[in-house]
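Here's the structure, in C-alpha cells; my notes come after.
The values are calculated or read from the model by the stated rules, or taken from the named source; none is laboratory data. Please read these numbers as outputs of a predicted model, since none were measured by experiment. Cβ placement follows ideal geometry from the backbone for every residue including glycine, while neighbour counts extend to all protein chains displayed.
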Amino acid sequence: MLRDNRRRARNARLIFLLLLLLSGSLVLLSMVAQSLPDWGAAEAGSSSTLTTIIYVSVGLLSVVFLVLVGLSYVFLILWLRRAYYNLHQLPGINPEYSDGWAAGAWFVPFLNFVRPFT
C-alpha cells in the first residue's frame, strides 16, 4: 500500500521557499549596507547605529539561513525516502535498493552522488 507523501513534499517546498525569500532578503540587505554613505567607515570602527543594525541583521539572517539549509536537507531526504518506499509498492517495479538506502546513501562519501537517484 502506498504511503501518503504530500505532507513531506509540502514541508520540503515550504523550506525551499523560505530559503529563496531569505536569500533575496540577504542580497537586498547587503546591497543596502554597501550603499550607505558610511559603509567604508564601518569597517574602520566608526559606524552609525543604522549601519550596525544592518550588519547585525545580516549576521542573524545568515545564521537562520544556515539552519534552513540544514533543515532543507533533512526534509528532502525524508521525502525521497518515502517516495522510494512507494516505488517498491508499485506493481512491476523492482528497485535494486531498499528505501533505507535512499536516505542512507546521502551520508556515505561519493556514494551520495549516485545511489539516491538509482
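General remarks:
- Considering residues of region 49-100 that are free of Cβ contacts under 8 Å to residues at least 24 places away in the same chain, surrounded by 14 or more Cβ atoms within 10 Å (Cβ to Cβ) and closer than 23 Å to residue 27 by Cα only, the residue farthest from the chain's Cα centre (by Cα): 51
Listed here are the residues, each with its yes/no results for (1) of a type in the set (S, T, N, Q); (2) at pLDDT below 80; (3) in contact with a helix residue (DSSP H, G or I) (Cβ under 9 Å, 6 or more places away or on another chain).
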residue	(1), (2), (3)
48	yes, yes, yes
51	yes, yes, yes
58	no, no, yes
80	no, no, yes
84	no, no, yes
90	no, no, no
111	no, yes, yes
116	no, yes, yes
